[in-house]
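Remarks on the structure that follows.
Every number here is computed from the coordinates shown, using simple stated rules; none is lab data. The structure presented is a predicted model; accordingly, all values stated were derived computationally and were not measured. Don't worry about glycine lacking a Cβ; one is built from the backbone with ideal geometry, like all the others, and counts go over all protein chains shown.
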Amino acid sequence: MSAIVDKFFFYLTRTIALGILLIVAWIFVELFNNSLDSIQAFGFDFITEDKWAPNLEKFGALPAIYGSVISTFLAMLLAIPLAIGVAIFLSELAPAKLKTPFGVSIELLAAIPSVIYGMWGLFYFVPIIRDAFGGVGISMLTAGIVLSIMILPFIAAVTRDAMNTTPDILKESAYALGGTKWDVIKDIVIPYAKAGIIGSFILALGRAIGETMAVTFVMGNVHRISADLTQPATSIPVTLANEFNEADSGLYYSSLFELSLLLLVISFTIISIAKFYFLRRKRIGA
Amino acid sequence: MTHTQKRIVVNNVVMVLSALSALVGMGFLFWILGVLVLNGIDALNWAIFVNEGAPPGYEESGLKHAMIGQLYIVGVATFFGVPLGILAGTYLSEYGQKAKLAEIIRDISDIMMSAPSIVIGAFVYAIIVAPMGHFSGWAGSVALTIIMLPIILRTTDDMLNLVPSTLREAAFALGAPKYKVIIQIVYRGAKAGILTGVLLGVARVAGETAPLLFTSFNDNFLNTDMMEPMASLTVTMYNYATSPYEDWQKLGWAAAFILSMFILGLNIIGRIFLLKKRGK
């Protein structure tokens, strides 16, 4: 009897674990199947065409791809230096009494839902951009900044964790040689934790590019490529969030599914690079 | 200036810059938190908890429908996601261990944890909403379950791994079959850790908005039929905040406040469990 239950428990857990792989494969297949109409209609032009005109049944994803890339790039550009500063402060500079409360509050801020960052952006940040640059305030720049604030706690927390893996004995040796704090950080901590730090940046990039709610409020969903960052723009997730419930034709739906597939493939690739190339090495080295 | 002096000056400059960036970063984050708390408390009143949605301009509009809808959607997702995640994590830690298959499942789950949630919404739309012909609470729950699964799976895997193998060996030596060892020894040893994982997993999906936009959709009134579209705090918050009506925006802040307190509460409780365990 016991042997049967034992076998049953084994197969039960195994089936469910395998089910996870099945679900992931199913997601790819289902999104691909639903994109077929659009893939057949537009082929490769889908990602090079800059016209997105549902009324003409013409769908080009370039503005959304452009918006995703630029807003994420802006966000990383702003968030990374700040996050490194915060991480250095948390791991090396802050007095021991402050480390825990500061560290925990950063982690708690990373847990706040992104929709709230978006709401704050809409009510408090859009007016600032509007006053500073004119226009409506809803723009690529606003989206980039709100996104950077949203991912800041995440990057800071993981960068700090990576920096904290440096063995104390290495740091102490450097201090004993007369190194200043900055010497120790630049010559010991950062080289030691390099793979982990870069990996966490790329992981954050993977997350930022798929982030929907923090940017949907403040980007405007305008399918136009403009070099002027203070103009409204769109990104892949913003287009999906705004248009999925409005799509009224098969081809429209199919194009939105192709956008989803594109987004999934992009973030899967970025996260895999972070995980397999950088974060794995850290695990072996640690 | 000697070389040493130069190093000290550079050091001081960098330290000031670091402290400044910490200040700026924390400043922004506490600005958001402050806005959330002030607007939230300002908008809170008893009516919010007892009334349902109303057209803009009506005094008595509330969020009862959204809170109950949220509890349904997240509750059902938890009901399915937690046991499935724990069992799958059990396979990885107790049976799969370092085998290739287990490693692949771990890697894929790690990637899924950071994958865009809106894509999960599109997937669930394709498999549930489109065939059914309408949005439903079930579809929302399924989307959240898919997002929750890898989180629970990975924390369970990690937490079970922390249980010393001598405990397992002692139980095996007494003649216990493997499933009994797992259920009575390993689970018991990892209880606090698993509970933390569950709390953090629930907190994570409770704040998800994007995957609900085109699965559970929204409803302005109380609905407890999972087959029908259902309101959630997150989608309600999105709709109200983007509306032009001031009283709706106010309700949006109230929803944001209630939801954030719930999520922060879960996070804090989860951390306390983990600390207690470490303290022992």
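If you check A:A111, A:A64, which single one turns out to be small (G, A, S), within 24 Å of B:T242 (Cα to Cα), at the interface with another protein chain (Cβ under 8 Å from one of its Cβ atoms) and touching a helix residue (DSSP H, G or I) at 6+ places or on another chain (Cβ under 7 Å)?
None of the other options fit; the residue is A:A111.
Just wondering, is there one or more residues in the stretch B:184-203 that are part of a helix (DSSP H, G or I), closer than 20 Å to A:M213 by Cβ and of a type outside the set (A, V, I, L, M, F, W, C)? First the steps, then the outcome.
Taking the stretch B:184-203 as the starting set, the residues that turn out to be part of a helix (DSSP H, G or I) are B:184-189, B:191-203.
Filter once more, so that each one left must be closer than 20 Å to A:M213 by Cβ: B:200-203.
Keeping just the survivors that are of a type outside the set (A, V, I, L, M, F, W, C) gives B:201.
Looking for residues that are part of a helix (DSSP H, G or I), closer than 20 Å to A:M213 by Cβ and of a type outside the set (A, V, I, L, M, F, W, C), one finds at least one in the stretch B:184-203, hence yes.
For the stretch B:224-280, give me the residue count where each residue is among the basic types (K, R) and closer than 22 Å to B:Y72 by Cα. Even if it seems obvious, please write down each step before you answer.
Our first condition is that a residue be among the basic types (K, R); within the stretch B:224-280, this holds for B:250, B:271, B:276-278, B:280.
Within this subset, residues satisfying the condition of being closer than 22 Å to B:Y72 by Cα are none.
Residues flagged as among the basic types (K, R) and closer than 22 Å to B:Y72 by Cα within the stretch B:224-280 amount to 0.
Under the condition of being closer than 16 Å to A:N34 by Cβ and without any contact (Cβ under 8 Å) to a residue 24 or more places away in the chain, which residue from the stretch B:107-131 is farthest from the other protein chains (Cβ to nearest Cβ)? Lay out the reasoning, then the answer.
Initially, the stretch B:107-131 is screened for residues closer than 16 Å to A:N34 by Cβ, giving B:118-131.
Remaining after also requiring without any contact (Cβ under 8 Å) to a residue 24 or more places away in the chain: B:119, B:123, B:126-127, B:130-131.
Values: B:V119: 5, B:F123: 5, B:A126: 5, B:I127: 6, B:A130: 8, B:P131: 11 Å.
Of everything passing the filter in the stretch B:107-131, B:P131 is farthest from the other protein chains (Cβ to nearest Cβ).
Of B:T196, B:T236, which residue is surrounded by 21 or more Cβ atoms within 10 Å (Cβ to Cβ), within 11 Å of another protein chain (Cβ to nearest Cβ) and under 22 Å from the mean Cα position of the chain (by Cα)? First the steps, then the outcome.
Numbers: B:T196 fails: within 11 Å of another protein chain (Cβ to nearest Cβ).
B:T236 is the lone residue from the list that is surrounded by 21 or more Cβ atoms within 10 Å (Cβ to Cβ), within 11 Å of another protein chain (Cβ to nearest Cβ) and under 22 Å from the mean Cα position of the chain (by Cα).
Report yes if B:A88 is at the interface with chain A (Cβ under 8 Å from one of its Cβ atoms), closer than 23 Å to B:T145 by Cα, surrounded by fewer than 21 Cβ atoms within 10 Å (Cβ to Cβ) and not polar (S, T, N, Q), otherwise no. Before you say what the answer is, go through the steps one by one.
Numbers: at the interface with chain A (Cβ under 8 Å from one of its Cβ atoms): yes; closer than 23 Å to B:T145 by Cα: yes; surrounded by fewer than 21 Cβ atoms within 10 Å (Cβ to Cβ): no; not polar (S, T, N, Q): yes.
Considered against the rule, which asks whether it is at the interface with chain A (Cβ under 8 Å from one of its Cβ atoms), closer than 23 Å to B:T145 by Cα, surrounded by fewer than 21 Cβ atoms within 10 Å (Cβ to Cβ) and not polar (S, T, N, Q), B:A88 comes out as no.
Could you please find all residues in the stretch A:179-204 being at the interface with another protein chain (Cβ under 10 Å from one of its Cβ atoms) and either within 8 Å of the chain's Cα centre (by Cα) or in a helix (DSSP H, G or I) (or both)? Step through it out loud before you land on a result.
First pass over the stretch A:179-204, keeping only residues at the interface with another protein chain (Cβ under 10 Å from one of its Cβ atoms): A:179-186, A:203-204.
Passing the criteria: A:K181, A:W182, A:D183, A:V184, A:I185, A:K186, A:L203, A:A204.
Here's the yes/no breakdown for (1) β-branched (V, I, T); (2) assigned to a helix (DSSP H, G or I); (3) in contact with a helix residue (DSSP H, G or I) (Cβ under 7 Å, 6 or more places away or on another chain):
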{"position": "B:I120", "(1), (2), (3)": "yes, yes, yes"}
{"position": "B:A126", "(1), (2), (3)": "no, yes, yes"}
{"position": "B:A130", "(1), (2), (3)": "no, yes, no"}
{"position": "B:N161", "(1), (2), (3)": "no, yes, yes"}
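Among what's in the stretch B:132-141 and is surrounded by fewer than 24 Cβ atoms within 10 Å (Cβ to Cβ) and assigned to a helix (DSSP H, G or I), pick the residue that is farthest from the chain's Cα centre (by Cα).
Once the filter is applied, the top-ranked residue is B:M132.
Results for (1) under 14 Å from the mean Cα position of the chain (by Cα); (2) of a type in the set (A, V, I, L, M), shown as yes or no for each residue.
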site	(1), (2)
B:L167	no, yes
B:G207	yes, no
B:L213	no, yes
B:D225	no, no
B:P229	no, no
B:L251	no, yes
B:A255	no, yes
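Filter the stretch B:178-209 for residues that are touching a Leu at 6+ places or on another chain (Cβ under 8 Å) and among the small types (G, A, S) and give the result.
Result: B:G189, B:A190, B:A192, B:G193, B:A203, B:A206, B:G207.
With the structure loaded, tell me whether A:I209 is under 30 Å from B:M113 (Cα atoms), within 8 Å of another protein chain (Cβ to nearest Cβ) and surrounded by 24 or more Cβ atoms within 10 Å (Cβ to Cβ) or whether it fails that test.
Details: under 30 Å from B:M113 (Cα atoms): yes; within 8 Å of another protein chain (Cβ to nearest Cβ): yes; surrounded by 24 or more Cβ atoms within 10 Å (Cβ to Cβ): yes.
Taking the combined requirement at face value, the residue satisfies it.
When the residues of the stretch B:36-83 are filtered to those that are of a type in the set (S, T, N, Q) and in a helix (DSSP H, G or I), which remaining residue is nearest to the chain's Cα centre (by Cα)?
Our first condition is that a residue be of a type in the set (S, T, N, Q); within the stretch B:36-83, this holds for B:39, B:45, B:51, B:61, B:70, B:78.
Of the ones still in play, those that are also in a helix (DSSP H, G or I) are B:39, B:70, B:78.
Details: B:N39: 23, B:Q70: 13, B:T78: 10 Å.
Checking each candidate, the answer is B:T78.
Looking at the stretch A:30-62, which of its residues are free of Cβ contacts under 8 Å to residues at least 24 places away in the same chain, surrounded by 14 or more Cβ atoms within 10 Å (Cβ to Cβ) and under 16 Å from A:V265 (Cβ atoms)?
Residue satisfying the conditions is A:E30 alone.
Would you mind finding the one in B:F221, B:F217 that is more than 10 Å from every other protein chain (Cβ to nearest Cβ), part of a loop (DSSP other than H, G, I, E, B) and within 14 Å of B:G53 (Cβ to Cβ)? Lay out the reasoning, then the answer.
Working: B:F217 fails: more than 10 Å from every other protein chain (Cβ to nearest Cβ).
On inspection, the qualifying residue turns out to be B:F221.
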